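Q: Following this message is one structure expressed as structure tokens.
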Amino acid sequence: MSNIDQKLLRHKVENINTLPTVPTVLKRLSAIIEKPRITMVEISNFISNDPALTSKVLKMVNSAIYGFPGRISSVSHATMLLGLNVIKGLLLGVSVFELMQKTMNGLYEHSLACAVVSRTIAQKKGLKDPEEVSVAGLLHDIGKVVLMLEFQKEYEAAMKEAQTKRISIFEAEQNQFGATHAHVGSWLAEKWRFPRNLIEVMEFHHRPALAKNAPLETAIVHLADILVRARGCGFAGENLVPAVHPAAFELIALAEADIKDVLKEMENNMEAAEDLS
Amino acid sequence: MPKIPAAKLEPGMKLARPITAKSGMVMLGEGTELSDMWIERIRDMNIASVFIEGPPIQTISKEEALSNLEERFSQVEGKPYMNLIKKIVKEHVEGLYE
């Protein structure tokens, strides 16, 4: 049974700006992106005023992960091309990079690989905004970072439980916290005013049948998570491949050759990933 | 696409990724064939390593990679579509060693 009250947990997560363990850069970013009517110009200025952040964002958009290799040289160009939601997601992604490295070694590689795989599948399925699906892949496990930051002891216990009982980290979190990284991620996504679809993907990437607004996007990130784990890329809490949800696999309906292409695309991009820090 | 330390670059190698300055500006584009002059410049710029076109270098042996794969799939044997996914990933991993 969990010994943490769900309401208290949610309250803590939603007040991430006041958590002492959260680094200033993420707090500042969180305060910016939760504004209800944030404009492209404000985001652009926020990035441009921080040289370290600027260089991280440009590196990321110019990596093959976003599909514009080497063509974007300014922040304003990047925000124009990618749109507000993708840029918000990207900013979070680059800002939690170091945190991910510190809190769970390998989680960033796992997340980047999920971003690449999600984008590749989305493109194969002809989705309108493959970059948005890519951001969902990049951020789907952000709840793990926050849980680890705020409840390190409990989270380590969950990882240990997953390892000894050979269960998924998702189940172990449920046992420890009475909630999972998927809940935590969706609470944050809501707080940060991400679009409904992204919130849904984060909430249901382990239970894709529950997605109502974005079933295909959710199924894509669900499958991406499984393929990345299958390949053994990065680390997301334990080393087991979870079973794919059959209906989600059928909904995406990729041919064998398509899945092979997806794996190749991941392979090509992962070596470049270490360069993004 | 292996990452090669600047000290080990040789003329004729081709860049698999562009070389960018701190600001994100592209200095040498993807596909550039390295000449002695470019290699010298890269070393002058204090760039530690660059991505070169070619097959990836694997850090673990094929046997180890395949046994890790078996281990990862150990809890989902026989679940719907998991044997198919395993087969595809296994072929993919084997392909990395050819």
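The values are calculated or read from the model by the stated rules, or taken from the named source; none is laboratory data. What you are looking at is a predicted structure, and each value in this text was computed from that prediction instead of being measured. Reconstructed Cβ throughout: ideal geometry from the backbone, glycine too, with neighbour counts over all protein chains shown.
Q: Considering only the stretch A:237-253, state which residues are more than 8 Å from chain B (Cβ to nearest Cβ), surrounded by fewer than 21 Cβ atoms within 10 Å (Cβ to Cβ) and either touching a strand residue (DSSP E or B) at 6+ places or on another chain (Cβ under 9 Å) or small (Gly, Ala, Ser) (or both).
A: A:Ala247, A:Ala253
Q: Separate question: So in the stretch A:158-214, with the set limited to residues that are closer than 24 Å to B:Val76 by Cβ and of a type in the set (Gly, Ala, Ser), which one is surrounded by the most Cβ atoms within 10 Å (Cβ to Cβ)?
A: Looking at residues that are closer than 24 Å to B:Val76 by Cβ and of a type in the set (Gly, Ala, Ser), I get A:Ala158.
Q: Output yes when any residue across the stretch B:36-43 is part of a strand (DSSP E or B) and out of contact with any Cys (no Cβ under 9 Å at 6 or more places or on another chain), and no when none is.
A: Start the filter on the stretch B:36-43 by keeping residues that are part of a strand (DSSP E or B), which leaves none.
For the stretch B:36-43, residues part of a strand (DSSP E or B) and out of contact with any Cys (no Cβ under 9 Å at 6 or more places or on another chain): absent.
Q: Working only within the stretch A:154-187, note down all residues that are under 12 Å from A:Leu9 (Cβ atoms) and of a type in the set (A, V, I, L, M).
A: A:Ala179, A:Val184 - these are the residues of the stretch A:154-187 that are under 12 Å from A:Leu9 (Cβ atoms) and of a type in the set (A, V, I, L, M).
Q: Looking at the stretch A:166-189 only, could you name the residues that are in a loop (DSSP other than H, G, I, E, B) and within 14 Å of chain B (Cβ to nearest Cβ)?
A: Here is the first cut: in the stretch A:166-189, the ones in a loop (DSSP other than H, G, I, E, B) are A:166-168, A:178-180.
Of everything in the stretch A:166-189, those that are in a loop (DSSP other than H, G, I, E, B) and within 14 Å of chain B (Cβ to nearest Cβ) turn out to be A:Arg166, A:Ile167, A:Ser168.
Q: So, one more: What are the pairs with Cβ atoms under 8 angstrom where one residue, in the stretch A:85-99, is on the phi > 0 side of the Ramachandran plot and the other, located anywhere, is of a type in the set (S, T, N, Q) and in a helix (DSSP H, G or I)? Sequence gap at least six, or different chains.
A: none
Q: Further question on the same structure: I'd like to verify a number: residues in the stretch A:229-251 that are farther than 15 Å from B:Met82 by Cβ and part of a helix (DSSP H, G or I), how many?
A: Selection size over the stretch A:229-251: 1.
Q: Could you go through the stretch B:45-64 and let me know if any residue there is at pLDDT 90 or above, in a loop (DSSP other than H, G, I, E, B) and in contact with a helix residue (DSSP H, G or I) (Cβ under 7 Å, 6 or more places away or on another chain).
A: Pass one, the stretch B:45-64, residues at pLDDT 90 or above: B:61-64.
From what is left, the residues that are in a loop (DSSP other than H, G, I, E, B) are B:61.
Narrowing further to those that are in contact with a helix residue (DSSP H, G or I) (Cβ under 7 Å, 6 or more places away or on another chain): none.
Among the residues of the stretch B:45-64, not one is at pLDDT 90 or above, in a loop (DSSP other than H, G, I, E, B) and in contact with a helix residue (DSSP H, G or I) (Cβ under 7 Å, 6 or more places away or on another chain), which makes the answer no.
Q: So how many residues does the stretch A:254-271 have that are touching a residue at least 60 places away in the same chain (Cβ under 8 Å) and more than 7 Å from chain B (Cβ to nearest Cβ)?
A: Result for the stretch A:254-271: 8.
Q: Would you check if A:Val228 is away from chain B (no Cβ under 12 Å), crowded, with 24+ Cβ neighbours inside 10 Å and not hydroxyl-bearing (Ser, Thr, Tyr)? If you could, list the steps in order and put the result at the bottom.
A: Values: away from chain B (no Cβ under 12 Å): no; crowded, with 24+ Cβ neighbours inside 10 Å: yes; not hydroxyl-bearing (Ser, Thr, Tyr): yes.
Criteria not met by A:Val228.
Q: While we're here: Within the stretch B:28-46, how many residues are more than 11 Å from chain A (Cβ to nearest Cβ) and either buried (at least 17 other Cβ atoms within 10 Å of the Cβ) or in contact with a His (Cβ under 6 Å, 6 or more places away or on another chain) (or both)?
A: Result for the stretch B:28-46: 4.
Here is a yes/no grid of residues against (1) assigned to a helix (DSSP H, G or I); (2) surrounded by 15 or more Cβ atoms within 10 Å (Cβ to Cβ); (3) of a type in the set (Ser, Thr, Tyr):
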{"residue": "A:Lys12", "(1), (2), (3)": "yes, yes, no"}
{"residue": "A:Thr21", "(1), (2), (3)": "no, no, yes"}
{"residue": "A:Val25", "(1), (2), (3)": "yes, yes, no"}
{"residue": "A:Leu29", "(1), (2), (3)": "yes, yes, no"}
{"residue": "A:Ile38", "(1), (2), (3)": "no, yes, no"}
{"residue": "A:Ser44", "(1), (2), (3)": "yes, yes, yes"}
{"residue": "A:Leu53", "(1), (2), (3)": "yes, yes, no"}
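Q: Go through (1) among the small types (Gly, Ala, Ser); (2) touching an Asp or Glu at 6+ places or on another chain (Cβ under 6 Å); (3) more than 10 Å from chain A (Cβ to nearest Cβ) one by one and return the number of the condition B:Ser67 breaks.
A: (2)
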